[in-house]
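K.L.:
Pasting in a structure now, in structure tokens, and then I'll have a few things to ask.
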Amino acid sequence: MTPLRDRSLRQKLTAIVMLTTVGALAVASASFLAYDRVIFRRTLVASRSILADIVGANSTAALTFQDPTSAREVVTALEAEPNVTAAYVYDRQGREFAAYVRDAAAAAPAPPVGDAPLFLNDRLGVFRPILLDGQTIGTVYIESDLGELTARQSQYVQIGLIVLVLATAAALLLTTSLQGIVTRPVLDVVRTARHVTAQEDYTVRARKYGQDEVGALVDAFNEMLHRIEQHERQLRAARDAAEAANRAKSAFLANMSHELRTPLNGIIGYTEMLLEEAEDDPQSALAADLRQVRKAARHLLGLINDILDLSKIEAGRMDVHVEPFAVAALVTDVLGVIEPLAAANQNTLRIDLPDDVGRSLMETDRGKLRQTLWNLLSNASKFTRAGVITLQVRRDDPRPRWFSFIVRDTGIGMTADEVGRLFREFSQGDAVQQHQYGGTGLGLAISRRFCRMIGGDIEVESCPASGSTFTVRLPAEFARVGASPDAPGGDAAAGVDTAAGAGALSVA
């Protein structure tokens, strides 16, 4: 039954019914043919025995008076029987007394040794005694072919085949007409399941056609859909509540931006003023402490900025400020901040910016692109020691109206698992790296959201101990309505990242 395993239920039912029908009819026909053969052989033996008795009765006088001519006349009369091929009359001593042979080449049988019928190949031989006053005075032997039996069996085989064909056709017709009783409910369950899978609509129910086992299956399937629908409602309610709470949290943090940043900027400002006075006084021992305070305050300000940026994105309150600028000016602006960070870890910073690309203009959110490049270059500086960090800017060959900003380092690199969770919020490497290098795990997540808000994306390639390569691809002009038709990822690169909420758009 292995060939039927992957067939449809309709085909399986048809095959099972047809195999059963044909098998049953074949067994019945073979049994009937075997039974008829046995019965006809018995009938044939009986008829030939009766014929031999008649010949023996008519040959009694000829044997008594030793008149072989009369005996030959009696056996020759068997020419009227088309299936009789030979007839012999033997005397009391078993000698041949008279004979009739249709085929002259046929050999005479051996003298009789009993009265049991003999089936030899395609012939039947019957011995019958000739009696007179209860005494055996001779024997009659009649031989006939089995043409009647062969013709009868051939006819029965033909009739059986015709009946088999007609019965098979009738069974196929009935099976095709009636198999819907079984397949219709099952196929209805399949259609319902496919609809639920495609539409995620758990309100539909499969139709029940009866109270049989298939009906029980339909009941169980519908009950499962009912339970899933209930769980779906509960999950949707929980999700809505969580999203509302998250929006409230994000809105709160976004509104608190000024209240959080202003005091901290004041702390940094007063610290710098005190630091200037301490540096001017050679007797003061406060300069080192004030530098630590300024460093900690700036680090805290960076963390607050990241958290507030993420909250504004999630709350849908992150603006996109579009302005034209030269690529070379942007790169120079970023390098002024990154060079001290790269030098702190003895790294060499290289810039690969062709003149024609540097003179090119972009029209997008300069602040978000600058922050993205700063995040990538600062990460490269932090995770690379005494290595090389390269910023390469190119026109994208397949899309000449696009730019590629490639940040490549020779640092510690990342495993495939680390790359997989790289752009998740608050996600970093293992605990050892987190303790050694610090950070919140928000920079790259915010950078990707920024890139998607302005119509591009970030890709990364990395291997452990071999460094990492980050590629930022952005359109030269921000698409104010929808996505650029040749944007990476198709319609996923829209003017504003749908996952980040609908940000406001302003043009400088």
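The numbers here are math on the coordinates, done by the rules we state, and not lab data. The model shown is predicted, which means the values in this text are computed figures rather than measured ones. Ideal geometry is used to build each Cβ from the backbone, glycine not excepted, and the neighbour counts take in all protein chains shown.
K.L.:
Counting Lys and Arg as +1 and Asp and Glu as -1, what is the net charge of the other residues whose Cβ lies under 12 Å from the Cβ of Val75?
P.N.:
-3
K.L.:
Amide H to amide H, which residues 5 or more places from Asp457 or on other chains are under 5 Å from it, using H placed in the peptide plane?
P.N.:
Arg473
K.L.:
Of Leu164, Ala151, Val140, which is farthest towards the positive pole of the stretch 4-175's charge dipole, taken about the Cα centre with +1 and -1 on the beta-carbons of Lys, Arg and Asp, Glu respectively?
P.N.:
Positive-end residue among those listed: Leu164.
K.L.:
Here's a follow-up. Report the label-to-label distance for Arg233 and Ala34 in nanometres (one decimal), using points 7 Å from each Cα along the Cα→Cβ vector.
P.N.:
For the pair Arg233/Ala34, the computed spacing is 6.7 nm.
K.L.:
When 1/r is averaged over all different Cα pairs and the result inverted, which Kirkwood radius in Å belongs to the stretch 181-251?
P.N.:
13.9
K.L.:
Still on this structure, please answer the following. Set the Förster distance to 35 Å, then compute FRET efficiency between Thr348 and Glu243 from the Cβ-Cβ distance, nearest 0.05.
P.N.:
So, using R0 = 35 Å, E works out to roughly 0.15.
K.L.:
Quick check on the exposure proxy: order Ser381, Ser360, Ser462 from fewest to most C-beta atoms within 10 angstrom.
P.N.:
Sorted ascending by nearby Cβ count, the order is Ser360, Ser462, Ser381.
K.L.:
Moving to a separate point now. Could you check the spin-label model distance between Leu173 and Phe325? Points 7 Å from the Cα along Cα→Cβ, value in nm.
P.N.:
It works out to 8.5 nm between the two label points.
K.L.:
Along the stretch 358-367, what does the Karplus equation 6.51 cos²θ - 1.76 cosθ + 1.60 (θ = phi - 60°) give for ³J(HN,Hα), rounded to whole Hz, x for Gly and Pro?
P.N.:
Each residue of the stretch 358-367 in turn: x, 7, 5, 9, 10, 10, 7, 7, 5, x Hz.
K.L.:
Using a basic spin-label model with each label point 7 Å from the Cα along Cα→Cβ, how many nm lie between Val190 and Leu166?
P.N.:
Going from the Val190 label point to the Leu166 one covers 3.6 nm.
K.L.:
Once fully extended, how much extra length lies between Asp145 and Leu335, figured as 0.36 nm per residue of separation less the alpha-carbon to alpha-carbon distance?
P.N.:
56.8 nm
K.L.:
Pull up all non-local amide H partners of Asn347: gap of 5 or more, or a different chain, and H-to-H distance under 5 Å with H placed in the peptide plane.
P.N.:
Close amide H contacts, sequence-distant or interchain: Ala386, Gly387.
K.L.:
While we're here: Go through the stretch 136-144 residue by residue and turn each phi into a ³J(HN,Hα) via Karplus (6.51, -1.76, 1.60, θ = phi - 60°); whole Hz please, and just put x for glycine and proline.
P.N.:
Here the 3J(HN,Hα) series is 7, 10, x, 9, 10, 10, 10, 10, 9 Hz.
K.L.:
Okay, moving on. Would you please give the FRET efficiency between Arg394 and Asp280, computed as 1/(1 + (r/R0)^6) with r the Cβ-Cβ distance and R0 = 45 Å, to the nearest 0.05?
P.N.:
It comes to 0.40.
K.L.:
If R0 is 41 Å, what FRET efficiency do you get for Arg421 and Arg207 from their C-beta distance, rounded to 0.05?
P.N.:
Rounded to the nearest 0.05, the efficiency is 0.35.
K.L.:
While we're looking at this one, here's another question. Each residue of the stretch 368-380 in turn: what ³J(HN,Hα) in whole Hz from Karplus with 6.51, -1.76, 1.60 and θ = phi - 60°, glycine and Pro shown as x?
P.N.:
Residue by residue, the stretch 368-380 yields 5, 5, 4, 5, 4, 5, 5, 4, 5, 6, 5, 4, 4 Hz.
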